[in-house]
1. Per DSSP H run of at least 4 residues, take -39500 (n - 2.57); add these up for the chain, divide by its residues and hand me the 222 nm value, nearest 500 deg cm²/dmol.
2. For Cα pairs less than 8 Å apart in space and 6+ apart in sequence, what is the mean separation divided by the residue count of the chain, i.e. the relative contact order in percent?
3. Please report how far the C-alpha centroid of segment 67-83 lies from that of segment 164-238, rounded to the nearest whole angstrom.
4. Of all the stretches in the chain, which is the longest one without any exposed loop site, taking trypsin sites (Lys or Arg not before Pro) in a DSSP loop (any state but H, G, I, E, B) with at most 11 other Cβ atoms within 10 Å?
5. Quick one: order Y347, Y111 by neighbouring beta-carbon count within 10 Å, fewest to most.
6. Could you work out the per residue convex hull volume over the alpha carbons of segment 43-154, in cubic angstrom?
7. Could you derive backbone 3J(HN,Hα) for segment 237-243 from the dihedral phi with the Karplus parameters 6.51, -1.76 and 1.60 (θ = phi - 60°), listing whole Hz in sequence and x where the residue is Gly or Pro?
8. Please identify the chymotrypsin sites (Phe, Trp or Tyr not before Pro) of segment 150-181 that satisfy two criteria: DSSP loop assignment and at most 16 other Cβ atoms within 10 Å. Which are they?
Amino acid sequence: MSTNVYVLLLNPAIACILASAMLIIWYHRPSAGAMRTAAIGLFAFAVAFVVQDIVPAMPYGLSNLFTNLAFLAAVTLICVAVIEMAGGKVPLLALGLTALATVCAILWWLYVDNDLTARIHVMNVSHSVMALVTLIATFRSGSPGWGRSLTIAVSILALINFSWRPLQVIWEGNFYADRNALHDSIYWNTTRLGSPILAVFAALSLLVGLAVVLIKELKLEARLDKLSGCLNRRGFEERSLHLLQAPDRPMLRLTMIVADIDRFKQINDTLGHATGDAVIRTFGRTLSDAMPFDAVVGRIGGEEFAVLLAGEGADRAYDITRSFQKDLSTALESQGLPPATASFGIYNCGYQDDLSTILSRADLALYEAKNDGRDAIRMHHPRLRTVRTRAKKASGS
């Protein structure tokens, strides 16, 4: 095999390697559909390069037709993958109509009025339109971050690349008599260099975008309590501090609810930890469902939960908590779990209160609910501001 063939195989080899890596990622992470789409597009690139440069010419212009359609499919699929990775809505109608118009034009300039230069213009204009559609879709995605920035950069580079090519053809005389004349042109050499570089850059941007998504998910998992589905203590404190330190904090009404499952230790000791875990899971998910969408809900201890309500006063918090008590009873019964109750403390946050003070005062109200017989809701009031510790919580919780 000659050195020239090895050089010609370089582009499809790079495309296949990147496509294989993306398929492996997609296999282990099926939710990353953009990886699968991009992999198919890169395989189409590889096939197009092989048919164009290595496979002997087929009769009736089939080689040209197959190559053009393969490149068109590759660009379309990679555009779709880029938009998906940016979190945008794929404009299937715009991309589909562009692809259909391109196919019709290719067939015309191949079988009706055979014109190589016209087909080059058709392909470049088509790819420019797709790059522009991709750029608009990524701008509209509205999901800031490195992933979106990279996909926008790829779209801009693709738009510049494909828009420049027709101008280069015109500059060279706007006519190629045959494929030999095309292969000897500056346009051909720059295109062969630019296409794989652009494809590699697009693939790498998708991989970086996926890495950014994975990092965000890992950060989110580090702040979630997997058993209850609520934030863990770290996540709850971070989200709560964000609200407490917001610029509009003086105008924002905040209310803290602290909840503790009654006699939870007895459930664990008599029915087993599996049942206890099921109660925690049901409690956490029912609590999240019962609260407003912007509430900060967290599991801050073994059987202790906290909710920070924004824009709600203590009276509204009381009504929400009462409703949750009924929802909890229904949820436990529907899942065949033992009946369980909880005690609640509510504190209407002051403008100058820090998180520690807020939790302490909500805890004081919770202790009163425990001491009053459990399965109760108590509001914080000034006479509760006595020095207490968690060690004084009612025995057995």
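No lab work stands behind these numbers, since they all come straight from the coordinates. Computed from a predicted structure; not experimentally measured. Cβ: placed from backbone, ideal geometry, glycine included. Neighbour counts: every protein chain shown.
1. Numbers: 13 runs with 255 residues, N = 397.
Calculated at 222 nm, the ellipticity per residue is -22000 deg cm²/dmol.
2. Working: 559 pairs, mean separation 46.2, N = 397.
This gives 12 percent for the chain.
3. 13 Å
4. Values: sites that count: K89, K226, R385.
Here the longest run is 227-384.
5. Working: Y347 27, Y111 11.
Ascending Cβ contact count within 10 Å gives the list Y111, Y347.
6. Working: hull volume 10.2 nm³, N = 112.
Once divided by residue count, the hull of segment 43-154 is 91 Å³.
7. 5, 5, 5, 5, 4, 4, 5
8. Numbers: sites: F162, W164, W171, F175, Y176; in loops: F175, Y176.
Qualifying residues, ordered by number: F175.
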